[in-house]
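Down below is the structure, laid out as structure tokens.
The values are calculated or read from the model by the stated rules, or taken from the named source; none is laboratory data. Note that the structure is a prediction, hence the values are computed from the model and not measured. Neighbour counts run over all protein chains shown; Cβ positions are idealised from the backbone, glycine included. Just the protein is used for accessible areas: all its heavy atoms, side chains included, with ligands, DNA and RNA removed. Shrake-Rupley method; radii C 1.70, N 1.55, O 1.52, S 1.80 Å.
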Amino acid sequence: MAAPGTDAEERLFALKFLLHFVGDMHQPLHSSDNHDRGGNSVKVSADGIKHQSKDELHGYCDTQFVDAIAGKSPKTLANQLLMQIAPEQATLWAAASFEEWAMEAFMIAKNDTYGTPPLSKATPQNLDAAYVARAEKDVAQQLSKAGVRLASVLNKALGSN
């Protein structure tokens, strides 16, 4: 992205790839496996979230839990999350390695997203209010970490540090 002489279209493509990659690294079901295609084979419904015809655990983690905490707009969510990040947290999160990002996401998937006993792909399951609250907290923290880490990566790549 920072290479002089790279045309604007290629720089935009690189930025989009980086945004997607950093986001995916923070989605717990992208760094775990329960023999269910990353939660895509687990049919669920969730207390307090409108049921849709094709509800899969992966979709809830990608979209529905994010929408549930987002409020009215992405800008509102970003502002809410920014206000909750302590400077010392941001420093620690930015210093973490890519391996640490993946392991954090894996542990969230293992402990919270799949739970104990793990969710099963055998039959549709309901995620109760306690599960939804924990998932929304995890999503908010992962979005916060991803934002801090994306800023750090961009600052390093573009020489802003």
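Below is a table of values for the structure above.
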{"quantity": "Förster radius 41 Å - calculated FRET efficiency between residue 116 and residue 75, Cβ distance, rounded to 0.05", "calculated": "0.65"}
{"quantity": "By accessible area with a 1.4 Å probe, ligands and nucleic acids excluded, highest first: order of 107, 83, 25", "calculated": "83, 107, 25"}
{"quantity": "Listed residues 13, 106, 65 arranged by accessible area, highest first, probe 1.4 Å", "calculated": "13, 106, 65"}
{"quantity": "Centre separation in Å (Cα based) which lies between region 5-57 and region 132-161", "calculated": "15"}
{"quantity": "Residue-normalised accessible area of the chain, given per residue in Å² at a 1.4 Å probe", "calculated": "61"}
{"quantity": "Cα→Cβ-extended label distance, 7 Å offset, between residue 95 and residue 24, nm", "calculated": "2.9"}
{"quantity": "Trypsin sites (Lys or Arg not before Pro) lying in DSSP loop within region 65-131, provided at most 12 other Cβ fall within 10 Å", "calculated": "72"}
{"quantity": "Eligible lysines near residue 121 by straight Cα distance, threshold 23 Å, same-chain separation 8 or greater", "calculated": "43, 50, 54, 110"}
{"quantity": "For the chain, calculated [θ]222 nm from helices alone, where every DSSP H run of n ≥ 4 adds -39500 (n - 2.57)", "calculated": "-16500 deg cm²/dmol"}
{"quantity": "Pairwise FRET efficiency - residue 63 versus residue 17, Cβ, R0 = 25 Å, nearest 0.05", "calculated": "0.75"}
{"quantity": "Accessible-area composition of the chain, carbon plus sulfur, in percent [1.4 Å probe]", "calculated": "60"}
